[in-house]
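Below is one structure, written out as structure tokens, with a few remarks after it.
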Amino acid sequence: MQIEQLFDFLHRSVSPFHAVHTAAQLLDAAGYTRLEEAEYWNLEPEHGYYVTRNESSIIAWRVPAHAIGGWRIAASHSDSPTWRIKNTNVNAAGCIKLNVEGYGGMIMSTWLDRPLSAAGRVLVRDEAAGTLESRLVDLDRDLLVIPSLAIHMDRTLNSGHAFNPQVDMQPLYGLEGSKPFPALLAEAAGVKKEDIVDFDLSLYTRQAPTRIGPDGELFMAPRIDDLECAATTLYGFLDAAPETDSACAPVWAMFDNEEVGSSTRQGADSSFLRDVLDRILNAIPHSAQAQAQAFANSFVLSADNAHAVHPNFADKADPCNKVILGKGVVVKVNASQKYTTSGLTGAIFKEICRKNNVPVQVFANRADLPGGSTLGNLQSHTVPVPMVDIGLAQLAMHSAVETAAVADADAMVRAVAGFYRVHLRSLGDARYTLE
Ligand code: ZN
């Protein structure tokens, strides 16, 4: 994968709906067949398929030539902290504002004073056809700003200002008499304004991904958490295709709603992955015990970004496990099992990386900091499979624009391709061969 391919993925994926669309386009180009949950599935050996749920989560897989002896799954998330649009035309002080609410735990100040736009989907009625359907929409222009209050009017701004999202974070759209937002939306969606029944829209920053540093060794972009993992695991999944472990079904998944707890119909804590795996097995003749055997012979990478040591705040990191930008894929461990990594699953992943010459580093929180959580331990509620939590090092997680290292993205693609290729067999509880 070239870094430009990652930039393209990040740049096009301005909402979870767009992230799924971007992934679907890559899968289409690689010959995968789109399925619908509402239709009957006929699955053929050695073919690739994908299915979406709510248009914001997606699962892709290939059917092996023979029986499914296990699953090899990489999972990430499609969503990032942002602002969901509640209403579109709010008059205030001679201006028109949007009314928004926070989605996920963003660093609020980073959304101020930069060009923003809006994207997502609109639900469109077709009276003649009697249908209601969704259209992806991206206003795709410098359109909005959340202006700071002047320092003269609040001297606390540089000394721990407490942001109130309903007051501080409402975006300015235009002036009285400006073309109304719904008209702009209808234009962008290519439909009549009165046919838009509802929408799921959120803000995004207009900053394009860009390399920085004397040799471009770092990059900045919005939504690095977690689209960097989503894109790199997808490229690893596609790269491995010709040489995938023949007894295992490779699966790639990207779930929405990680930033708000994953417990939606399409989130990692839903039945989506389990439903798809059960359905694949049902579509392929197998013995009654094959499902349990397949789970025992399976492995999941839960891929979500990790904190690099911040050069200004080195003491925020664990003193012994320092994750450095550019030093390889991160394995995340946590005693309370916020991360699913165990000694065993960490060892399996490190062995895969060693065989593929991919550098690995370990992240653990300081013992006096609780840290974050991710999708792996929630996923394991429905899919009882050995799992490891991994990620890529980054700074400024949940800022409107984040920073990471170019070399790490490539390391993840190679690690994930190696993961899909390795012949991993369970010889018993906690005993494996890896060839
Ligand atoms: Zn994340």
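The values are calculated or read from the model by the stated rules, or taken from the named source; none is laboratory data. Everything numeric here is computed off the predicted structure, so don't read it as measured data. Note that each Cβ is placed from the backbone with ideal geometry, even for glycine, and that neighbours are counted across all protein chains shown. The protein model used for the area step is the full one, side chains on, heavy atoms only, and it has no ligands, DNA or RNA in it. Shrake-Rupley method; radii C 1.70, N 1.55, O 1.52, S 1.80 Å.
Structure summary
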read-out: All positions within the stretch 1-16 that are farther than 19 Å from Ala400 by Cβ and buried (at least 19 other Cβ atoms within 10 Å of the Cβ); value: Met1
read-out: Test: residue in the stretch 307-321 that is under 23 Å from Phe255 (Cβ atoms) and either under 20 Å from the mean Cα position of the chain (by Cα) or assigned to a helix (DSSP H, G or I) (or both); value: yes
read-out: Complete set of residues in the stretch 370-401 that are more than 22 Å from Phe219 (Cα to Cα) and at pLDDT 90 or above; value: Val385, Pro386, Met387, Val388, Asp389
read-out: Flag if Val191 is open to solvent by 50 Å² or more (accessible area, probe 1.4 Å), over 19 Å from Arg114 (Cβ atoms), touching a residue at least 24 places away in the same chain (Cβ under 8 Å) and of a type in the set (A, V, I, L, M); value: no
read-out: Residue, farthest from Glu243 (Cα to Cα), within the stretch 386-421, restricted to residues that are β-branched (Val, Ile, Thr) and open to solvent by 10 Å² or more (accessible area, probe 1.4 Å); value: Val401
read-out: The listed residue being among the β-branched types (Val, Ile, Thr), within 26 Å of Leu344 (Cβ to Cβ) and assigned by TED's automatic domain parsing to the domain that holds Val63, out of Val260, Val300; value: Val300
read-out: Search result, residues across the stretch 234-243 that are closer than 17 Å to Leu424 by Cβ and surrounded by 20 or more Cβ atoms within 10 Å (Cβ to Cβ); value: Gly236, Phe237, Ala240
read-out: Options Gly372, Gly346, Gly326: the member that is out of contact with any Leu (no Cβ under 7 Å at 6 or more places or on another chain), on the phi > 0 side of the Ramachandran plot and in contact (Cβ under 8 Å) with a residue 12 or more places away in the chain; value: Gly326
read-out: Qualifying residue in the stretch 203-224 (condition: closer than 22 Å to Val329 by Cβ, within 16 Å of the ligand (Cβ to nearest atom) and either free of Cβ contacts under 8 Å to residues at least 12 places away in the same chain or in contact with an Asp or Glu (Cβ under 6 Å, 6 or more places away or on another chain) (or both)); value: yes
read-out: Residue identified as part of a strand (DSSP E or B), within 16 Å of the ligand (Cβ to nearest atom) and open to solvent by less than 50 Å² (accessible area, probe 1.4 Å) among Ser117, Ser80, Ser76; value: Ser76
read-out: The listed residue being at pLDDT 95 or above and in contact with a strand residue (DSSP E or B) (Cβ under 8 Å, 6 or more places away or on another chain), out of Ala268, Ala230, Ala296; value: Ala230
read-out: Selection count where residues are closer than 19 Å to Asp28 by Cα and out of contact with any helix residue (DSSP H, G or I) (no Cβ under 8 Å at 6 or more places or on another chain), scope the stretch 40-63; value: 6
read-out: All positions within the stretch 211-250 that are in a loop (DSSP other than H, G, I, E, B) and of a type outside the set (Asp, Glu); value: Gly213, Pro214, Gly216, Pro222, Arg223, Ala240, Thr244, Ser246, Ala247
read-out: Residue in the stretch 120-139 that is in contact with a Pro (Cβ under 7 Å, 6 or more places away or on another chain) and surrounded by 20 or more Cβ atoms within 10 Å (Cβ to Cβ) present; value: no
read-out: Members of the stretch 52-73 that are in a loop (DSSP other than H, G, I, E, B) and open to solvent by 20 Å² or more (accessible area, probe 1.4 Å); value: Asn54, Glu55, Ala65, His66, Ala67, Gly69
read-out: Counted residues, the stretch 323-379 - those being of a type in the set (Gly, Ala, Ser), open to solvent by less than 30 Å² (accessible area, probe 1.4 Å) and within 16 Å of the ligand (Cβ to nearest atom); value: 1
read-out: Filter result for Tyr40 (without any contact (Cβ under 8 Å) to a residue 60 or more places away in the chain, in contact with a Phe, Trp or Tyr (Cβ under 8 Å, 6 or more places away or on another chain), more than 16 Å from the ligand (Cβ to nearest atom) and open to solvent by 10 Å² or more (accessible area, probe 1.4 Å)); value: no
